[in-house]
1. When you check residue 234 against the structure, is it modelled with pLDDT under 85 and not in a strand (DSSP E or B), yes or no?
2. Looking at (1) part of a strand (DSSP E or B); (2) within 23 Å of residue 58 (Cα to Cα); (3) of a type outside the set (Gly, Ala, Ser), find the lone condition where residue 157 falls short.
3. Quick check: is even one residue across the stretch 308-320 within 30 Å of residue 240 (Cα to Cα), touching a residue at least 24 places away in the same chain (Cβ under 8 Å) and in contact with a helix residue (DSSP H, G or I) (Cβ under 9 Å, 6 or more places away or on another chain)?
4. Looking only at the stretch 361-383, filter to residues that are modelled with pLDDT under 85 and either among the hydrophobic types (A, V, I, L, M, F, W, C) or assigned to a strand (DSSP E or B) (or both); which one of those is surrounded by the most Cβ atoms within 10 Å (Cβ to Cβ)?
5. Name the single residue, out of those in the stretch 136-177 being among the hydroxyl-bearing types (Ser, Thr, Tyr) and more than 11 Å from the chain's Cα centre (by Cα), that is modelled with the lowest pLDDT.
6. Please enumerate the residues belonging to the stretch 175-200 that are outside any loop (DSSP other than H, G, I, E, B), in contact (Cβ under 8 Å) with a residue 12 or more places away in the chain and not β-branched (Val, Ile, Thr).
7. Return yes or no: is residue 147 loosely packed, with under 11 Cβ neighbours inside 10 Å, charged (D, E, K, R) and on the phi > 0 side of the Ramachandran plot?
Amino acid sequence: MRELPTVMISVLFVDDEPVLVDIGRLFLERAGEFSVTGVLSGKEAVSLLKENSYDVIISDYQMPGMNGLELLRLVRKHCGDVPFILFTGRGDEAVAGDAVNIGVDFYVQKGGDPKQQFSDIARKIETAVERRRAFQAVRASEQRFHDIINFLPDATFAISAEGIIIAWNREIERITKTRAEDMIGRGAYAHSVPFYGSRRPMIIDLLLSPDPELERSYPSVHREDDIITADGMLQVAGKKRYFLARASFLYDQDGKKAGAIESLRDITLQKESEEKLSRVIERLPIGLQIFRIEKDGNLVCHGANPAAEEITGISGRCVPGRPIEEVFHDDEGHKVCTICRKIAMEGGRDCMDDVNLLVDGSPRRYNIRMFQTGPGEVALLYV
């Protein structure tokens with residue numbers, strides 16, 4: 001007999017023959033894995049089931065007042081998927097067929113050696129209980145998954161490997177005005193309709209079905225391992241909103257890719273603030289340059305305002321993506337590069353007054369203020 005968890009399996013044994021109930025209890029409880037409660041009618045069983053729960057029910061078919069099929073129907077109606085084993089007599093093949101249609105787990109013909117018969121029943125009990133516990137564990141895991149997704153503050157949805165929507169959280173319901181019950185189970189890019197008004201791939205689909213052309217259509221897409229991030233503007237519920245999208249794979253218990261999940265963070269206020277700040281920086285009479293450390297370790301230009309070019313004459317070289325060493329390449333410029341790299345990596349601020357920089361073959365003098373604007377990023381002010 002296979003080993004089961006140490007939790008005792010509770011059995012409700014229903015038969016109108018007291019001797020058979022006693023024999024069944026004796027054989028099953030002797031193994032030490034089962035706790036058997038015996039009753040002599042379907043009505044008694046129903047009364048017990050109103051007050052107690054059992055891991056499995058074993059019932060005779062032919063009983064006065066309420067037969068085994070009638071009891072099975074009530075169990076399925078009120079007790080859900082609790083395993084049910086039906087005893088039938090010889091020649092009751094039609095009854096067995098009806099029992100299968102109603103939802104019986106196993107049916108066993110009466111007769112023969114009681115020891116062998118109840119050993120067979122014990123194995124069927126173990127199989128039915130194991131199967132139910134496994135199903136309940138999967139269902140509980142799925143419920144936890146949905147609970148976690150619903151708890152997330154960002155609009156979040158998930159699709160299966162086949163593109164079927166399997167989760168649609170409360171926040172995405174709120175911003176799209178689209179209920180989860182109207183979305184879950186739908187496929188063929190249905191998840192994009194609340195955002196684009198039509199069916200089309202989104203960031204999440206680039207994971208499951210890579211499409212370089214589609215990826216290039218997004219203004220900013222970043223891949224890191226199995227995660228894709230991008231930001232952009234979407235029309236949601238009649239309003240233009242900016243979102244930061246992040247998509248990653250979902251894996252099954254065997255580590256195989258089972259789908260993908262995407263979260264969308266509303267960054268509209270942040271974008272609007274950045275745009276306002278950008279307009280202010282564009283109009284600043286003070287020169288400003290931004291440099292950022294990239295994955296390859298280079299400290300490269302991320303942008304400069306018009307005043308920087310007017311004041312320094314070197315912003316023509318400070319185009320996005322150009323290493324700082326190509327912007328400042330004389331001796332004094334090397335000192336600027338060293339200080340900027342240190343600030344970008346470690347934080348803090350520094351200044352260099354009356355700096356001589358060679359610009360287009362001619363020396364120019366500047367006062368430079370340098371400070372960290374974020375991890376791996378440094379700003380230069382020319383004052």
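The values are calculated or read from the model by the stated rules, or taken from the named source; none is laboratory data. Note that this is a predicted model, so its numbers are computed, not measured. Because the Cβ atoms are built from the backbone with ideal geometry, glycine has one as well, and the counts that use them run over all protein chains shown.
1. Working: modelled with pLDDT under 85: yes; not in a strand (DSSP E or B): no.
For residue 234, the condition - modelled with pLDDT under 85 and not in a strand (DSSP E or B) - is not met.
2. (2)
3. Filtering the stretch 308-320 down to residues within 30 Å of residue 240 (Cα to Cα) leaves 320.
So of that shortlist, the ones also touching a residue at least 24 places away in the same chain (Cβ under 8 Å) come out as none.
There is no residue in the stretch 308-320 that is within 30 Å of residue 240 (Cα to Cα), touching a residue at least 24 places away in the same chain (Cβ under 8 Å) and in contact with a helix residue (DSSP H, G or I) (Cβ under 9 Å, 6 or more places away or on another chain).
4. Of the residues in the stretch 361-383, the ones modelled with pLDDT under 85 are 361-366, 382-383.
Restricting the remaining residues to those that are either among the hydrophobic types (A, V, I, L, M, F, W, C) or assigned to a strand (DSSP E or B) (or both) gives 362-366, 382-383.
Details: 362: 8, 363: 10, 364: 14, 365: 10, 366: 21, 382: 19, 383: 12.
Restricting to residues being modelled with pLDDT under 85 and either among the hydrophobic types (A, V, I, L, M, F, W, C) or assigned to a strand (DSSP E or B) (or both), the top hit is 366.
5. Initial filter on the stretch 136-177 (among the hydroxyl-bearing types (Ser, Thr, Tyr)): 141, 156, 160, 176.
If we keep only those that are more than 11 Å from the chain's Cα centre (by Cα) as well, we get 141, 176.
Values: 141: 74, 176: 87.
Taking the candidates together, the pick is 141.
6. Residues satisfying the conditions are 180, 190, 191, 194, 195, 196.
7. It is false that residue 147 is loosely packed, with under 11 Cβ neighbours inside 10 Å, charged (D, E, K, R) and on the phi > 0 side of the Ramachandran plot.
Residue-wise test of (1) out of contact with any helix residue (DSSP H, G or I) (no Cβ under 7 Å at 6 or more places or on another chain); (2) assigned by TED's automatic domain parsing to the domain that holds residue 336.
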position	(1), (2)
200	no, no
220	yes, no
245	no, no
260	no, no
273	yes, no
276	yes, no
279	yes, no
289	no, yes
299	no, yes
